[in-house]
Amino acid sequence: MQCFSNFLESIDDISLIASAASAAQKSKENESRLLGNALARSGYVLLCGYFEGFIRDLISEFADGINDAKVKIGRLPDHIQFRALQDVVERMQPEDAATRIRTSILADSHLPINGKKLSKTGGNPTVDTVEALFSVLGFPDVIDALSIKDFGVHTTFVQESQVHPQMKAEIDSTVSAAGAADSAVVTDAIVKLLDARWAPKKKRRKVAYVSEIERLLERRNRIAHGEGREPIAVQDLSDASTAIVQLSRGLHDLLNAQLASLGVKK
């Protein structure tokens, strides 16, 4: 899709900024070094903005592809089909919406996809935001899936017991005070019973693309809100740019393959 080529052209800006920042930071003049740091900081803000814009453009272009090809409602994946039907309900009066939906399903005709609504990020492209947007398109846990593919990690999630360490210590202390023969075994048995009653929480690990996105946004926010003027290593900016491009390519390829499966010609 064209949006990815446009995104790569935008990323060239980051490369130019990184190159200029590197040369300035190596200068013996204090003013030049300050300029180099300012350039590196601005690169983070731009990179974040370019990534958010790419996500928005990618999903919009995906929806446009479906609409231009007039893909029939019956061929759409369930998640997208639901959104197409939901749009009808939101745009029309109940009686008209019911008629339109019934007619479209029976005739297996095309219903337009609202790309603008599907692509609305609502702010910075956090991990949760990206996954929520792509989940609607039929790709749940997309950051986790691409992290497994590109980084070789087993998963970016971990199951965290709701029995926190302090609670476990208190259980162990109580069991020991009761004179249990093997307090550790008894404590573990109690913890297992509690975990069976209150399922462990699914929590993200800061690895792979989760780490890359969170680090980008953390630095971007500190810089944009004037919370930090610490020197930024040009290599860090370059590494962040490389990771975001790789992630963006993966997201692009997923939607591109989805369009191909629907018979949409690029």
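Helices (runs of 4 or more DSSP H) fully within the range 1-115 that include at least 1 residues being within 28 Å of ILE213 (Cβ to Cβ) and out of contact with any Gly (no Cβ under 7 Å at 6 or more places or on another chain): 2-25, 30-69, 78-91.
Would you say LYS120 is surrounded by fewer than 15 Cβ atoms within 10 Å (Cβ to Cβ) and either at pLDDT below 90 or within 30 Å of LEU237 (Cα to Cα) (or both)? It is true that LYS120 is surrounded by fewer than 15 Cβ atoms within 10 Å (Cβ to Cβ) and either at pLDDT below 90 or within 30 Å of LEU237 (Cα to Cα) (or both). Would it be correct to say that ALA69 is within 14 Å of GLY115 (Cβ to Cβ) and either touching a strand residue (DSSP E or B) at 6+ places or on another chain (Cβ under 7 Å) or among the aliphatic types (A, V, I, L, M) (or both)? Here the answer is yes, as ALA69 does meet what is asked. For the range 76-110, name all the residues that are of a type in the set (D, E, K, R), surrounded by 15 or more Cβ atoms within 10 Å (Cβ to Cβ) and either more than 23 Å from the chain's Cα centre (by Cα) or closer than 30 Å to ASN221 by Cβ (or both). Answer for the range 76-110, where residues must be of a type in the set (D, E, K, R), surrounded by 15 or more Cβ atoms within 10 Å (Cβ to Cβ) and either more than 23 Å from the chain's Cα centre (by Cα) or closer than 30 Å to ASN221 by Cβ (or both): ASP87, ARG100. SER176 meets all of the listed conditions (1) more than 11 Å from the chain's Cα centre (by Cα); (2) touching a residue at least 12 places away in the same chain (Cβ under 8 Å) but one, namely (2). What tally of residues in the range 43-89 results from selecting those that are of a type in the set (Gly, Ala, Ser) and free of Cβ contacts under 8 Å to residues at least 60 places away in the same chain? Number of matching residues: 6. Among the residues of the range 214-225, the ones that are over 24 Å from SER22 (Cβ atoms) and either without any contact (Cβ under 8 Å) to a residue 40 or more places away in the chain or among the aliphatic types (A, V, I, L, M) (or both) come to 1 in all. Against the criterion of being surrounded by fewer than 12 Cβ atoms within 10 Å (Cβ to Cβ), in a helix (DSSP H, G or I) and not aliphatic (A, V, I, L, M), GLN235 qualifies.
Starting from residues that are surrounded by fewer than 20 Cβ atoms within 10 Å (Cβ to Cβ) and more than 15 Å from THR126 (Cβ to Cβ), keep the ones in the range 223-232 and report whichever is modelled with the highest pLDDT.
HIS225
Here TYR50 clears all of (1) modelled with pLDDT under 90; (2) within 18 Å of the chain's Cα centre (by Cα) except the condition numbered (1). Assess whether THR129 counts as being farther than 30 Å from ASN6 by Cβ and either assigned to a helix (DSSP H, G or I) or more than 17 Å from the chain's Cα centre (by Cα) (or both). Criteria not met by THR129.
The values are calculated or read from the model by the stated rules, or taken from the named source; none is laboratory data. What you see is a predicted model, and the numbers here were worked out from it, not measured in a lab. No Cβ is skipped: glycine too gets one built from the backbone with ideal geometry, and neighbour counts run over all protein chains shown.
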